Amino acid sequence: EDGYELWLRYRPLGGAAQAQLQAGARSLVLATPATPTVDAAVAELRRGVAGLAGRAPALSPRAVPGALVLATRAQAPAGLDVPWDELGDEGYALRRQTLQGADVTVIAANTDRGLLYGAFAWLRAAQTGADMRRLDQRAAPKVGLRLLNHWDNLDRHVERGYAGASLWDWWKLPDILDPRYVDYARANASLGINGTVLNNVNAKADSLTAPYLAKAAALAGVFRPYGIKVYLSARFSAPVELGGLKTADPLDPAVRAWWRAKADEIYRAIPDFGGFLVKANSEGQPGPQDYGRNHADGANMLAEALQPHGGVVLWRAFVYSPDATDRAAQAYAEFQPLDGRFAPNVIVQVKNGAIDFQPREPFHPLFGAMPKTPLALELQITKEYLGFSTHLVYLGSLFEEVLKADTGHGGTVARVVDGRLNQHPLTAIAGVANIGTDRNWSGSQFDQANWYAFGRLAWDPDASAAQVARDWVAQTFTRRAAARDAIVELMLASREAVVDYMTPLGLHHLMDTGHHYGPGPWVNNLERADWNPTYFHKAGRDGIGFDRTATGSNAVAQYAPAIARQWADPRTTPPELLLWFHHLPWGHAMPSGRTLWAELIWRYGRGVATVDDMGRRWAALKADIDPQRHAEVTTYLAVQAREARWWRDACIAYFQSVSGLPLPAGVAPPAQDLAAYKALRFGFAPGR
Ligand code: BDP
């Protein structure tokens, strides 16, 4: 097993479960018009049942005992007990019931997309060992647009990609369609992901030219039956680069006309095109500020072009400039005053935290602070700052922590994102993909779980990361309860472990230059202050941490008053966020009774100990897992154990050089001296 099949493996259930499934899926009855999406649902059910139960169901014209009935509202047979109105456009109901005298299972939905999601949900129930005789589930997504963002370049290099090259073979498109595109669509549809942004936010204008639109249209054609729309990252200066205009000023009539014509052209090629994702005036990308305009001016111009076609603009709020006093405060400063100024088809896309996908950040202060604007949550599935694809870190825990965070504005981040807090009909959640050409798709077996968790939590932001992990393990590694639970425990410990061995206590951005993989807390030579780890930790003889209270940058004041008050005081700031908000002396007393210095070192040690424990737990599972994947994960965990030590030792060596303090009793000194860690060079790290 090389992991190619992801969570759609459909291995024989065996025993009573297999007999039960056979009895409940003898035949397929279609009470719905035939569409490519229904075909996809039927093909998946046949494939799944063939694998799980050993025999594919035949199509049957009427409800016979043991049939699986796929019904949409318009053609639903009399006697179906389905709460249609609750299901919306994409929801489904799964029910075991008696229909026309026969004991059947019904998969019901208002649309064929709902049926497809229902088919995948039924297969998930079967794969995770649910009692198929008593099935009664209904679900509808809480967030409207559930999107992958690919940071894929047209030359197939994936920015921050650690799973090989881009799946999109732009050179061979549109004529040659890699069969893998279908498997990609199946995997996403199984989670409810309904949109994909094909190209990097650091966009080339070329992706908007006719030849590339034809290529994107070919991909859209493959994805359409699976309910997945295609979106593109748009380069703001495209009217200059492609259109020969002298300006890309969003208030210039010629520029507006160019975008309108471009949108018309796109919709001729891709009638259900989703819209544009835009990174503007950020890290050197062009944008409206180049012309003295603001983000709303830029976003609204594109929104106007897409509006007649039903498209949306996802305008990113990831901005920071070299002269800012605190990079964490800039997005709020630029965007919050624009609340209410964006067109109705604009969504502002905000990263989970105010810096950049760190192992832990407090939630972004924009959540809850722009009630008149739909805000999308941008999560990073690819682990740019969490050990790439060689470290095992289950991100479900991180995603859940962000979604459940109370914004202090009357609801959690989840309630902002699903639109319920401020009654926004347009809602979105985005994940920066970790998918590439590697056979296992995500660079490691366990990184598949992060794609899976993103999709499940995008569909239901209230889902539990632990339950999602259980489902994933049952679908990928094992259904045996003891082994499954052991793997889940290991996954749930992994996120805190990486925080501990990389950036404990609210520290952030200690990664070495460019690659963001290994430790570089000493780095202070980059051209911009806010690229340097020393800027973020501010460690010196006197102490450590970034003062974001009133005596410092006061970024804490961007949070709702109750949260701001709590986090402005080190005594009420949770230890996990302490050094994010406070600069404190090394002797500061921690709730544990240790000094800050001792606590820091203790946490680095705990991170390494947890990784060692993960290794032991995995080793004990040898009999439960197929040899190929067991051996592969074992090797990866050994790398992680070595590199967790590298992180711990390099950071302790550096912080000790700054604090001048002796190591607490019983702590072994770093394996090497600081100079040795500083001398390491990684010129060809992936994903740059
Ligand atoms: C950072 C990445 C960079 C991205 C940028 C972004 O290092 O490669 O282009 O974010 O989100 O995390 O635009």
For a quick check of your reading: which helices (runs of 4 or more DSSP H) sit entirely within the range 177-245 and have at least 3 residues that are farther than 20 Å from residue 459 by Cβ and of a type in the set (A, V, I, L, M, F, W, C)? 210-223
Filter the range 466-524 down to residues that are among the polar types (S, T, N, Q) and surrounded by fewer than 21 Cβ atoms within 10 Å (Cβ to Cβ) and give me whichever is nearest to residue 11 (Cα to Cα). 478
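Here's the yes/no breakdown for (1) closer than 15 Å to residue 424 by Cβ; (2) touching a residue at least 24 places away in the same chain (Cβ under 8 Å); (3) of a type in the set (Ser, Thr, Tyr):
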residue: 316; (1), (2), (3): no, yes, no
residue: 321; (1), (2), (3): no, no, yes
residue: 343; (1), (2), (3): yes, yes, no
residue: 346; (1), (2), (3): yes, yes, no
residue: 351; (1), (2), (3): no, yes, no
residue: 355; (1), (2), (3): no, yes, no
residue: 358; (1), (2), (3): no, yes, no
residue: 361; (1), (2), (3): no, yes, no
residue: 366; (1), (2), (3): yes, yes, no
Qualifying residue in the range 592-600 (condition: surrounded by 13 or more Cβ atoms within 10 Å (Cβ to Cβ), among the β-branched types (Val, Ile, Thr) and out of contact with any Gly (no Cβ under 9 Å at 6 or more places or on another chain)): no
When the range 423-444 is checked residue by residue, the ones that are among the polar types (S, T, N, Q), in contact with a Leu (Cβ under 9 Å, 6 or more places away or on another chain) and over 17 Å from residue 181 (Cα atoms) are 427, 444
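Okay, residues lined up against (1) within 30 Å of residue 411 (Cα to Cα); (2) modelled with pLDDT under 95:
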residue: 504; (1), (2): yes, no
residue: 527; (1), (2): no, yes
residue: 532; (1), (2): no, yes
residue: 537; (1), (2): no, no
residue: 540; (1), (2): no, no
residue: 566; (1), (2): yes, no
residue: 597; (1), (2): no, no
residue: 600; (1), (2): no, no
residue: 605; (1), (2): no, no
Please indicate, with yes or no, whether at least one residue in the range 544-554 is within 25 Å of residue 589 (Cα to Cα), touching a residue at least 40 places away in the same chain (Cβ under 8 Å) and either in contact with a Pro (Cβ under 7 Å, 6 or more places away or on another chain) or of a type in the set (Phe, Trp, Tyr) (or both). yes
With criteria (1) within 25 Å of residue 461 (Cα to Cα); (2) touching a Ser or Thr at 6+ places or on another chain (Cβ under 6 Å), residue 369 comes up short on (2)
May I ask you to say which residue of 500, 530 is assigned to a helix (DSSP H, G or I), more than 16 Å from the ligand (Cβ to nearest atom) and either among the basic types (Lys, Arg) or touching a residue at least 40 places away in the same chain (Cβ under 8 Å) (or both)? 500
Name the one entry in 482, 493 that is outside any loop (DSSP other than H, G, I, E, B), aliphatic (A, V, I, L, M) and over 27 Å from residue 580 (Cα atoms). 482
Condition check for residue 116: in contact with a Ser or Thr (Cβ under 8 Å, 6 or more places away or on another chain), away from the ligand (no atom under 16 Å from the Cβ) and not assigned by TED's automatic domain parsing to the domain that holds residue 70: no
Give the range 322-361 a look and list any residue that's modelled with pLDDT under 95 and basic (Lys, Arg), or say none. 327
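To keep it simple, each residue is scored yes or no on (1) assigned by TED's automatic domain parsing to the domain that holds residue 201; (2) buried (at least 24 other Cβ atoms within 10 Å of the Cβ); (3) away from the ligand (no atom under 16 Å from the Cβ).
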{"residue": "365", "(1), (2), (3)": "yes, yes, yes"}
{"residue": "369", "(1), (2), (3)": "yes, no, yes"}
{"residue": "376", "(1), (2), (3)": "yes, yes, no"}
{"residue": "382", "(1), (2), (3)": "yes, yes, no"}
{"residue": "394", "(1), (2), (3)": "yes, yes, yes"}
{"residue": "400", "(1), (2), (3)": "yes, no, yes"}
{"residue": "405", "(1), (2), (3)": "yes, no, yes"}
{"residue": "408", "(1), (2), (3)": "yes, no, yes"}
{"residue": "411", "(1), (2), (3)": "yes, no, yes"}
I'd like to know if the range 404-415 contains one or more residues that are free of Cβ contacts under 8 Å to residues at least 12 places away in the same chain and of a type in the set (Ser, Thr, Tyr). yes
Given the criteria among the hydrophobic types (A, V, I, L, M, F, W, C) and away from the ligand (no atom under 16 Å from the Cβ), does residue 210 qualify? yes
Does any residue of the range 590-612 turn out to be touching a strand residue (DSSP E or B) at 6+ places or on another chain (Cβ under 8 Å), assigned to a helix (DSSP H, G or I) and among the aliphatic types (A, V, I, L, M)? yes
Regarding residue 355, is this residue within 16 Å of the ligand (Cβ to nearest atom), under 23 Å from residue 555 (Cβ atoms) and either out of contact with any strand residue (DSSP E or B) (no Cβ under 9 Å at 6 or more places or on another chain) or of a type in the set (Val, Ile, Thr) (or both)? yes
Within the range 5-33, take every residue that is small (Gly, Ala, Ser) and at pLDDT 95 or above and give me the one that is farthest from residue 473 (Cα to Cα). 31
Going through (1) over 27 Å from residue 478 (Cβ atoms); (2) among the small types (Gly, Ala, Ser); (3) part of a loop (DSSP other than H, G, I, E, B); (4) more than 16 Å from the ligand (Cβ to nearest atom) one by one, residue 130 fails only at (1)
Tally time: how many residues in the range 116-170 are basic (Lys, Arg), in contact with a Leu (Cβ under 9 Å, 6 or more places away or on another chain) and crowded, with 19+ Cβ neighbours inside 10 Å? 1
Sole residue being surrounded by 19 or more Cβ atoms within 10 Å (Cβ to Cβ), within 28 Å of residue 143 (Cβ to Cβ) and of a type in the set (Gly, Ala, Ser), chosen from 71, 53: 71
Just name the residue that is nearest to residue 513 (Cα to Cα) out of those in the range 381-420 that are charged (D, E, K, R) and outside any helix (DSSP H, G or I). 384
Just checking: which of the strands (runs of 3 or more DSSP E) contained wholly in the range 247-351 hold 1 or more residues that are among the hydrophobic types (A, V, I, L, M, F, W, C), more than 16 Å from the ligand (Cβ to nearest atom) and within 21 Å of residue 201 (Cα to Cα)? 312-316, 346-351
Quick one: in the range 535-545, which of the residues that are more than 16 Å from the ligand (Cβ to nearest atom) and crowded, with 20+ Cβ neighbours inside 10 Å is farthest from the chain's Cα centre (by Cα)? 543
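Matching residues to (1) in contact with a Ser or Thr (Cβ under 7 Å, 6 or more places away or on another chain); (2) of a type in the set (Val, Ile, Thr):
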site: 614; (1), (2): yes, no
site: 617; (1), (2): no, no
site: 620; (1), (2): no, no
site: 632; (1), (2): no, no
site: 641; (1), (2): no, no
site: 659; (1), (2): no, no
site: 667; (1), (2): no, yes
site: 675; (1), (2): no, no
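The values are calculated or read from the model by the stated rules, or taken from the named source; none is laboratory data. Keep in mind it's a predicted model, so treat the numbers as computed, not measured. Note: ideal-geometry Cβ built from the backbone for every residue, glycine included; neighbour counts use all protein chains shown.
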